[in-house]
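Below is one structure; the comments refer to it alone.
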Amino acid sequence: MSITVHLPTMLARLAGDARSLDASGDTVGEALGDVIGRFPALGPRLRDDAGKPYGFVTFYLNDEDIRFQGGFAAPVADGDEVIVVPTVAGG
């Protein structure tokens, strides 16, 4: 099953400057685990020490926030897209 993970520019540098990556898995967490397996530097930017979504990053599955779909346990299907959006703060 092929899922596309889209990274923002600030995280793409940790994945060889790739903004979009193919991934496999049955859930969002597995797909991200596949990407992190190939690009370990992404791990601490995407999930915390307990393996939960990192608090300052929002994940969308086909334009729907995964927090309302089961988090990293949200099921994915062939052709789905996971979009990673870091929280931006300023004053």
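Derivation of every value follows stated rules applied to the coordinates shown; laboratory data play no part. Quick caveat, the model's predicted, so the values are computed rather than measured. Cβ atoms come from the backbone with ideal geometry, glycine included; neighbour counts cover every protein chain shown.
Numbers at a glance
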{"item": "P(r) tail fraction, the range 1-50 - alpha-carbon pairs more than 13 Å apart, %", "result": "52 percent"}
{"item": "Cleavage-rule hits (trypsin sites (Lys or Arg not before Pro)) in the range 16-91: DSSP loop, at most 16 neighbouring Cβ within 10 angstrom", "result": "ARG19"}
{"item": "Highest-first arrangement of 83-89, 22-28, where packing means the average Cβ count within 10 Å", "result": "22-28, 83-89"}
{"item": "MRE, 222 nm, helices only [DSSP H, n ≥ 4, -39500 (n - 2.57), over the chain, to nearest 500]", "result": "-5000 deg cm²/dmol"}
{"item": "Average Cα contact separation per residue, the range 1-78, under 8 Å, 6 or more apart, as relative contact order %", "result": "32 percent"}
{"item": "The range 33-91: chymotrypsin sites (Phe, Trp or Tyr not before Pro) in DSSP coil with no more than 14 other Cβ atoms inside 10 Å", "result": "PHE56"}
{"item": "For the chain, projected area of the alpha-carbon convex hull averaged over all directions, nm²", "result": "5.8 nm²"}
